[in-house]
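Since every read-out is calculated from the coordinates, none of them should be taken as a lab result. Source: prediction; values computed, not measured. Reconstructed Cβ throughout: ideal geometry from the backbone, glycine too, with neighbour counts over all protein chains shown.
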Amino acid sequence: MAGATEAQRFIVTDEAGRLDKVLAGLQMIWTRSQVDKLIKNDQVQVNDQVQPSKYKVKTGDVITVAPQTVQATELVPENIPLDIVYEDDDVIVVNKPQGMVVHPAPGHPDHTLVNALLYHSPLSTINGEFRPGIVHRIDKDTSGLLMVAKNDHAHQSLAAQLKAKTNLREYVALVHGVIKEETGTINAPLGRSPKDRKKQAIVADGRSAVTHFKVLKRYQHYTLISCRLETGRTHQIRVHLQSIGHPLVGDPLYGPKKTIAGHGQFLHAKLLGFEHPTTGEMMQFEAPLPPIFKATLAKLDKSDLNH
């Protein structure tokens, strides 16, 4: 069964520059490649005129994206157990385990969080056929809380909150080395690495990315920190912390080869807060650290504490 999203309009306020880059920034749930495809297929207009990706938009321009057909039935619902922290008619808050991919992608066609969610409930159609309901993502080997939209109204509200930076996303991370500062902010733009397409990197013309961190506990060789995201770029925490010389423990992509064995990076989305799309109530949720994370910290408490 095919469905269609409504046409979407965006008014350019304080951003200007290339159409593809501005639109990807305005609509956080689309990747740059998705935006490029929409523009090439004449699905995007600026002030009622089709324009190329390189067209320079300016403040006050109106960008319109044509309705998108959604073939949600191409995804197979799968009866996979879910750790649902909260659910109502609009939203689901789920605690994603380490090792689970959020949505189908090349190399991961099924057994994803989306497959499990579709078995459980109808989802919004606003984000294309392979990402129904998905407002934001966390990496496969990152555990923790995600908000999922069950209808298009909820999706638009939650996406707008991400754009406006009014929601709360706080992570717990274990990093290599001892961070001397109690708190800090990393403000460095991120984009695809020119050296390795699998990686993100700090690049001059990348999308703005801001991570705030706070030290929770220091060990002799490691530091436990909390990270609060202002933006939600791909691999943001992992790249930002590597850039200041404190890569995540267990990170197979950005960390050192000599690290603590686990199921990937020790990164957990612990806190999630947002305004409910219908009631306007501020809601906040918390998920405990996964067992392997807690067990690793218990070992460090015995063997690596500063005395």
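The number of residues in segment 121-145 being under 22 Å from residue 279 (Cβ atoms), surrounded by fewer than 24 Cβ atoms within 10 Å (Cβ to Cβ) and in contact with a Leu (Cβ under 9 Å, 6 or more places away or on another chain) comes to 1. Identify, please: which residue in segment 187-227 is touching a residue at least 12 places away in the same chain (Cβ under 8 Å) and polar (S, T, N, Q) and is, among those, nearest to residue 271 (Cα to Cα)? Here the answer is 226. Checking the stated criteria, residue 224 turns out to be surrounded by 16 or more Cβ atoms within 10 Å (Cβ to Cβ) and over 16 Å from the mean Cα position of the chain (by Cα). Residue pairs whose Cβ atoms lie under 9 Å apart, sitting 6 or more positions apart in sequence or on different chains, and linking a residue in segment 109-121 that is in a helix (DSSP H, G or I) to a partner that is of a type in the set (Gly, Ala, Ser) and surrounded by 23 or more Cβ atoms within 10 Å (Cβ to Cβ), are 114/133; 117/133; 118/133. If you filter segment 256-299 down to residues that are among the small types (Gly, Ala, Ser) and over 19 Å from residue 218 (Cβ atoms), you find that the one that is farthest from the chain's Cα centre (by Cα) is 295.
Among the residues of this structure, residue 272 does not count as one that is among the hydrophobic types (A, V, I, L, M, F, W, C), in contact with a helix residue (DSSP H, G or I) (Cβ under 8 Å, 6 or more places away or on another chain), crowded, with 18+ Cβ neighbours inside 10 Å and farther than 16 Å from residue 199 by Cα.
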